[in-house]
Amino acid sequence: MQIDKNASVAVVVNRTWLNLHGVKMFLRQDQGFQSDMRGVDESHILFAKVLDAEGATGVWIEVHTDKLRENPALNPVRMLIPWSQVLTIVVAEQFSPAIRQEARRIGFTGETERE
């Protein structure tokens, strides 16, 4: 399946990869990156915009954190997620408030968008 550029997605990634210091320091630059991201299992959700999903190496995304929405002067994080670390990608025009709230409840606060 082809994923269109600028599509709204939820990328479920391997938490071990996400907790690598070199990854975490970019995703959590507004929250402090010393502590590990935790959750109910070994996955983590990144709500993002697709920049390029056709590469053999992985999917390029633009992550919009809550802090970015509060301060538009900050730059969004653009990153490549290796296909080997992607568990699934969900494409949706919008994610329901219930899905976003559940993501917050189980600890995916830094990368979720506000309702």
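Out of everything in the range 1-27 that is touching a residue at least 24 places away in the same chain (Cβ under 8 Å) and more than 19 Å from Thr88 (Cβ to Cβ), what residue ends up being least open to solvent (accessible area, probe 1.4 Å)?
The qualifying residue least open to solvent (accessible area, probe 1.4 Å) is Asn6.
If I filter the range 99-115 down to residues being surrounded by fewer than 13 Cβ atoms within 10 Å (Cβ to Cβ) and in contact with a helix residue (DSSP H, G or I) (Cβ under 8 Å, 6 or more places away or on another chain), which single residue comes out as modelled with the highest pLDDT? Give the steps one after another, and end with the answer.
Let us first name the residues in the range 99-115 that are surrounded by fewer than 13 Cβ atoms within 10 Å (Cβ to Cβ), namely 101, 105, 114-115.
From what's left, in contact with a helix residue (DSSP H, G or I) (Cβ under 8 Å, 6 or more places away or on another chain): 114-115.
Values: Arg114: 38, Glu115: 35.
Ranking the qualifying residues of the range 99-115, first place goes to Arg114.
The values are calculated or read from the model by the stated rules, or taken from the named source; none is laboratory data. In this text the structure is predicted, and so the values were computed from the model without any measurement. Every residue, glycine among them, receives a Cβ derived from its backbone with ideal geometry; neighbour counts consider all protein chains shown. Just so you know, the surface numbers come from the protein's heavy atoms only, side chains and all, with ligands and any DNA or RNA stripped out. Shrake-Rupley method; radii C 1.70, N 1.55, O 1.52, S 1.80 Å.
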